[in-house]
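*Asks:* I am attaching a structure below and will ask some questions about it afterwards.
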Amino acid sequence: MLTKIQILDQKSEQVSAKIPYLKMLVLFGSRARGDNQENSDWDFAVLYDEELREPILKQNAWRWLEAFHILGEIFGLNDDNMDIVELNRCSPLIAHYVARDGKVIYEKLPGEFENFQRHHLMSDAELKQMRRDLRQKLERSLQRKGV
C-alpha cells in the first residue's frame, strides 16, 4: 500500500503540467516529519520561476490563487486543510524549516531542493540569534504599545 507521500510523488507531474512556472513543490511540517495527527493540515512550499509567472499573472491576477485549487484537486485535499508558502517570499525562518524538514514532491531540475537547503538551512547559532532578535523586536513593539 502506498503512503500519502508516495501518492503525492506519483501525481506531481500533473501539478507541473497545470502550473508551468512551478520549479519546486515541497511538503513540510508535521506530515513531512511524520509526527502529524489525522486532522493535521498539509503544509506545502512552492518555488516559482517568476519570469514565467509574471506574464501569466498580468493576464489574469486571480491566477495567483490557482495553486490551492490545483493541489487540492490533484491530491484530493480540501483547501481549508492546506497551507502554501511561497519560497520566493517567505521569512528566513520558514525557509529554514522547509529546508530542514521538507520532502520534495516535485523538482523541475534535479538538485533544486539541495541547492535551496545549502542557502537556507541555518546553524543552531544562527537560529538562536534569530530567536533573540525576534524576541527583542517583540519586546520593543510591546513597550511602544504600553504593554
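Nothing in this text is a laboratory measurement; each read-out follows from the coordinates by a stated rule. Just so we're clear, the structure is a prediction, and the values are computed from it rather than from any experiment. A quick note on method: Cβ atoms are made from the backbone with ideal geometry, for glycine too, and the neighbour counts reach across all protein chains shown.
*Asks:* Over the Cα atoms of region 4-122, compute the convex hull volume and normalise it per residue, giving Å³.
*Replies:* 105 Å³
*Asks:* Another question about this same structure. Using amide H atoms built 1.01 Å from N in the peptide plane, name the residues 5+ places from Trp42, or on other chains, whose amide H lies under 5 Å from its own.
*Replies:* It is Met82, Asp83, by chain and number.
*Asks:* Let me ask you something else. What 222 nm value per residue comes from the helices of the chain, counting each DSSP H run with n ≥ 4 as -39,500 (n - 2.57) and dividing by all residues, nearest 500 deg cm²/dmol?
*Replies:* Roughly -16500 deg cm²/dmol at 222 nm, from the helical runs in the chain.
*Asks:* Further question: Lys and Arg at +1, Asp and Glu at -1: add these up for the other residues within a Cβ distance under 12 Å of Asp9 and post the number.
*Replies:* Cβ neighbours under 12 Å give a net charge of +1.
*Asks:* Going highest first, how would you order 95-103, 133-141 by mean Cβ packing within 10 Å?
*Replies:* Details: 95-103: 20.1, 133-141: 10.3.
With the highest mean Cβ count within 10 Å placed first, the list reads 95-103, 133-141.
*Asks:* Can you list the HN-Hα couplings for region 42-47, worked out from phi with the Karplus curve (6.51, -1.76, 1.60; θ = phi - 60°), rounded to whole Hz and with x for Gly and Pro?
*Replies:* Per residue, the Karplus-derived 3J(HN,Hα) values read 9, 9, 10, 10, 10, 10 Hz.
*Asks:* Could you tell me the number of lysine pairs in the chain with C-alpha atoms less than 15 Å from each other, where the two lysines are 8 or more residues apart or belong to different chains?
*Replies:* For the chain, qualifying lysine pairs total 8.
*Asks:* For Glu66 and Arg140 in one chain, what is 0.36 nm times their gap in residues minus the Cα-Cα distance, to one decimal in nm?
*Replies:* 22.8 nm
*Asks:* Once fully extended, how much extra length lies between Glu50 and Lys11, figured as 0.36 nm per residue of separation less the alpha-carbon to alpha-carbon distance? All intermediate terms of the calculation are to be shown ahead of the outcome.
*Replies:* Values: separation 39, 0.36 × 39 = 14.04 nm, distance 2.33 nm.
That works out to 11.7 nm of additional length.
*Asks:* Right, here's the next one. For Lys23, what residues show an amide H to amide H distance below 5 Å, using hydrogens built from the backbone and excluding near sequence neighbours?
*Replies:* Those lying under 5 Å, H to H, from Lys23 are Leu47, Tyr48, Asp49.
*Asks:* Under 14 Å from the Cβ of Glu51, count the other residues' Cβ atoms, weight Lys and Arg +1, Asp and Glu -1, and hand me the total. Could you put the intermediate results ahead of the total?
*Replies:* Working: positive: Lys23, Arg53, Lys58, Lys108; negative: Asp49, Glu50, Glu54.
Charge balance in the 14 Å sphere: +1.
*Asks:* A further question on this structure: First select every other residue whose beta carbon is under 10 angstrom from the beta carbon of Ile105; then total the charges, Lys and Arg +1, Asp and Glu -1. Walk me through the intermediate numbers first.
*Replies:* Details: positive: Lys11, Lys103; negative: Asp9, Glu107.
Result for the local shell: 0.
*Asks:* Separate question: How much length, in nm to one decimal, is gained on full extension between Asp41 and Val147, taken as 0.36 nm per residue of separation minus their Cα-Cα distance?
*Replies:* 34.8 nm
*Asks:* On to the next question. Sequence gap at least 6, Cα distance under 8 Å: using those rules, report the relative contact order of region 7-147 to the nearest whole percent. Working shown, then result.
*Replies:* Working: 160 pairs, mean separation 43.7, N = 141.
Value for region 7-147: 31 percent.
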